[in-house]
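The next block holds one structure in the form of structure tokens; read it before the comments.
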């Protein structure tokens with residue numbers, strides 16, 4: 001047998017192995033962090049679905065809920081250093097605008113300069129309530145597909161933190177106390193954009209409101225007053241206030257369909273960030289997310305531009321303030337009469353029902369409040 005080829009191949013193969021070995025050593029030396037241990041696993045966290053709530057949760061496969069991830073996300077949510085602008089004497093966290101006592105919105109009248117550089121945001125704020133059931137249409141126009149994506153935009157948006165991810169990562173990386181938290185959540189101490197987004201998103205997915213008076217009524221634990229019951233009937237009937245098409249009835253405890261509607265608020269449409277900007281469908285001019293009505297008493301101002309500061313103003317608008325345009329959603333059944341023409345008693349009853357959606361345990365839940373100490 002001719003061994004010339006075999007001998008040459010053996011020598012060639014030996015050289016390849018030597019090269020790969022050197023390459024592997026160099027690569028390992030260049031990495032600050034060792035690879036995640038193949039058996040690493042953070043502690044799984046299971047969301048307990050409240051009675052009457054949908055059973056399908058929107059949790060990405062690549063970001064499963066873990067005890068350690070949620071703990072890290074809570075710290076990052078409340079840490080103003082995440083903006084990466086401490087050298088300018090400027091600090092801003094997610095919680096700077098999403099305040100627990102206001103059901104995780106800022107609660108300021110519009111227009112108000114909300115961003116770190118006092119630039120008014122384009123739209124009013126949406127509350128961080130029950131977003132784990134959002135199907136993947138976040139924000140007023142549904143452009144963001146995940147909470148992780150929303151976090152990413154918040155860091156760089158000129159109207160919010162107006163920073164860069166390089167600055168944010170450098171700021172958090174400079175805090176030695178964060179490294180054990182990242183290692184516990186993700187297996188190594190590496191701090192990067194993906195991990196920050198994932199951790200904060202995990203924490204936000206735990207912000208579940210399910211213990212308002214109306215929830216207790218559905219569970220048979222508390223009774224509604226006559227006015228509250230009358231308001232509920234108005235809420236769920238077309239001949240009444242006709243709210244349920246966009247905000248859901250008893251079968252939808254989220255009190256939003258997570259869909260988009262032109263609700264006859266305007267007649268001129270030049271907003272570059274309405275639903276039309278996402279879909280290109282002309283019928284989506286002036287269409288916006290129907291926000292949840294949970295904790296609605298705490299989340300003023302109302303509408304996507306915050307034009308109404310009280311619930312009474314909102315109820316009056318739907319009663320007699322609707323404006324015709326070709327783009328009004330067909331579900332606005334009372335458009336022809338300018339609104340549902342509620343009597344003063346009916347308005348009072350409807351408001352009484354809306355107030356039963358206030359969940360005081362949600363805004364005082366210690367798991368959602370600022371941590372006693374941040375890493376140093």
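Inter-label distance, residue 45 to residue 229: 4.0 nm, where each label sits 7 Å from its Cα along the C-beta direction. Remark on the range 213-358: hydrodynamic radius 15.7 angstrom, per the Kirkwood mean of 1/r across alpha carbon pairs.
Computed from the Cβ-Cβ distance with R0 of 41 Å, the FRET efficiency linking residue 176 to residue 281 stands at 0.20. Taken along its principal axes, the alpha carbon cloud of the range 53-117 reaches lengths of 41, 30, 19 Å, longest axis first.
Stokes-Einstein at 25 °C, 0.890 mPa s, Kirkwood radius from Cα pairs: D for the range 279-376 in µm² s⁻¹?
152 µm²/s
Structural descriptor for the range 107-255: relative contact order 18 percent, calculated from alpha carbon pairs under 8 angstrom and at least 6 residues apart.
The length gained by stretching the chain between residue 153 and residue 267 to full extension, at 0.36 nm per residue less their Cα-Cα distance, is 38.0 nm. Applying 1/(1 + (r/R0)^6) with r as the Cβ-Cβ distance of residue 59 and residue 192 and R0 = 30 angstrom yields a FRET efficiency of 0.90. Computed over the Cα atoms of the range 131-206, pair by distinct pair, the Kirkwood hydrodynamic radius stands at 13.3 angstrom. All alpha carbon pair distances within the range 67-208 were sorted into 5 Å bins beginning at 0; the resulting P(r) in whole percents reads 2, 10, 19, 24, 21, 14, 6, 2, 0. Cα centroid separation, the range 238-309 to the range 190-222: 22 Å. Taking only the Cα atoms of the range 152-277, the ratio Rg/Rh comes out at 1.15, with Rh defined as the Kirkwood radius. With all pairs of different C-alpha atoms in the average, the Kirkwood value for the hydrodynamic radius of the range 285-335 is 12.2 Å. Working from label points 7 Å from Cα in the Cα-to-Cβ sense, the residue 117 to residue 337 distance is 5.1 nm. How big is D, in µm² s⁻¹, for the chain by Stokes-Einstein at 20 °C and 1.002 mPa s if Rh is the Kirkwood radius over C-alpha pairs? It comes out at roughly 92 µm²/s.
Just so you know, all these numbers are worked out from the coordinates, no wet-lab data involved. Everything numeric here is computed off the predicted structure, so don't read it as measured data. As a convention, Cβ positions derive from the backbone with ideal geometry for all residues, glycine included, and neighbour counts pool all protein chains shown.
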